[in-house]
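The structure appears below as structure tokens.
The values are calculated or read from the model by the stated rules, or taken from the named source; none is laboratory data. These numbers were taken from a predicted model, which means no experiment stands behind them. Glycine gets a Cβ as well: all are built from the backbone with ideal geometry, and neighbour counts include every protein chain shown. Note: areas computed on protein heavy atoms with side chains; ligands, DNA, RNA excluded. Shrake-Rupley method; radii C 1.70, N 1.55, O 1.52, S 1.80 Å.
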Amino acid sequence: MKGHGVEESALVRILGKWDPLEREAFRKKTPNLFIEDKERHFQRWDDHYARLLKHEFVRFKNTVLLWSMHPWERDARLVKEAIKKGKTSYGVLVEIACTRSSEELLGARKAYHSLFDHSIEEDVASHIHGIERKLLVALVSAYRYEGPKIKNEHAKSEAKIIYDAIKNAHKKPINEDDEVIRILATRSKPHLKALYNHYKDISGKNLDEDLDDIRFKEAVQCLCTPQIYFCKVLDSALKIDVDKNTKKALGRVIVTRADIDIKEIMADYNNLYGVTLPHKIQETAKGNYKDFLLNLIARGSN
């Protein structure tokens, strides 16, 4: 039961053979899972671990469900869940808004209308009340130019605008700067990648390295270096002792990128961490969940 997911077949095979005395011995010898009720003379599940194990069992089922959905519905449901969960999940909103094409994001907005009788924009605006709202509303509302043409002089001048905004953030926080939000929410990805390069020429550092605000940092990474962003999300999700929300990103990223750029993500992951992504999943995940993820990676990397 250690790691991500559960070895379902092994667990069923072992537990299925145990008689009542063997099951009692198991409960008594695993105090991290069971609590001894000394007054009533029985061992009960620790509520925390019972919930955790339930989540581990359903992880595989949830991943299969995501995989079977239309991409528009999948993104719409992921957005709804992120809004409902709150601040710790707002990165998912950035991820979907910034790593999908304009048509894909528009499709997610259409699906959201169909599923929830609201728009993504109105739900983000009405449920998010902190300093992140302005940026998040702008990002989920975007419909960017998808062509390759850029005006290099504009990219260079806007790199300087962002550099000045970061340098003067003590006077005006970056999340209140309408010009910076306009640039990140409306400019095409080729334009922003050119801006990213110009920024490094000006600052000597990458733009995301200079940003302290987590949502702006995530937005820049998703827009300008998406494969590196996904590698970092996967690496965090593949650590053993992380919260369930962080773990959940493993299935989300592999399902949503399997048909898009999983091959590039795998190459960057190997370069960044010195281990292949399949090997890390093999080492960390369990059971049918592990097998399903490895199968998606294999088909996407052919």
Check your understanding: So for the chain, taking the charge dipole from beta-carbon charges (+1 Lys/Arg, -1 Asp/Glu), which of G147, A194, A50 sits furthest toward the positive end?
Key -> A50
Exercise for review: Rank I162, F34, F230 by how far each Cα sits towards the positive end of the charge dipole of the chain (+1 on Lys, Arg Cβ; -1 on Asp, Glu Cβ) and give me just the farthest.
Suggested key: F34
**Study point:** Anchor K193: lysines whose Cα lies under 16 Å away (excluding residues fewer than 8 positions away in-chain)
**Key:** K149, K151, K156, K160, K205, K217
Check your understanding: Can you flag which of K61/K244; K110/K244; K61/K263 are past 26 Å Cα-Cα?
Key -> K110/K244
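Starting from the Kirkwood radius over alpha-carbon pairs of the range 70-143, derive D by Stokes-Einstein at 20 °C in a medium of 1.002 mPa s and give it in µm² s⁻¹.
The estimated diffusion coefficient comes to 182 µm²/s.
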Practice item. Find the Cα radius of gyration of the chain, compare it with 2.2 N^0.38 Å by division, and give the number to two decimals. Key: 1.17
Practice item. For the range 19-48 and the range 186-235, compute the distance between their C-alpha centroids and round to whole Å. Key: 50
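Hey, got a sec? Which trypsin sites (Lys or Arg not before Pro) in the range 141-194 land in a DSSP loop and have at most 12 other Cβ atoms within 10 Å? Can you show the working numbers first?
Numbers: sites: R144, K149, K151, K156, K160, K167, K171, R182, R187, K193; in loops: R144, K149, K151, K171, R187.
Those satisfying the criteria are K149, K151, K171.
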Study note, to complete from the structure: The answer for the longest stretch of the chain without any exposed GluC sites (Glu not before Pro) (DSSP loop, at most 13 further Cβ atoms within 10 Å) is 147-302
**Study point:** Rounded accessible area per residue of the chain, 1.4 Å, Å²
**Key:** 53
Practice item. Check the straight Cα-Cα distances from K239 and name the aspartates and glutamates below 14 Å, setting aside those fewer than 8 residues away within the same chain. Key: E283
Revision key, fill the gap. Excluding ligands, DNA and RNA, the carbon-plus-sulfur percentage of the accessible area of the chain with a 1.4 Å probe reads 54
Check your understanding: What longest range of the chain stays clear of loop-exposed chymotrypsin sites (Phe, Trp or Tyr not before Pro) (DSSP non-H/G/I/E/B, at most 15 other C-beta within 10 angstrom)?
Key -> 146-302
Review point. Charges only on Cβ, +1 for Lys and Arg, -1 for Asp and Glu: so what's the dipole of the range 70-143 about the Cα centre, in debye to the nearest 20?
Key: 200
**Study point:** Descending semi-axes in whole angstrom, ellipsoid equivalent of the range 157-288, from the Cα gyration tensor
**Key:** 32, 16, 13
Revision key, fill the gap. Over the chain, cysteine residues that find no other Cys C-beta under 4.7 Å are C224, C231
Point to revise | All Cα pairs of the range 149-212, percent lying beyond 13 Å | key: 59
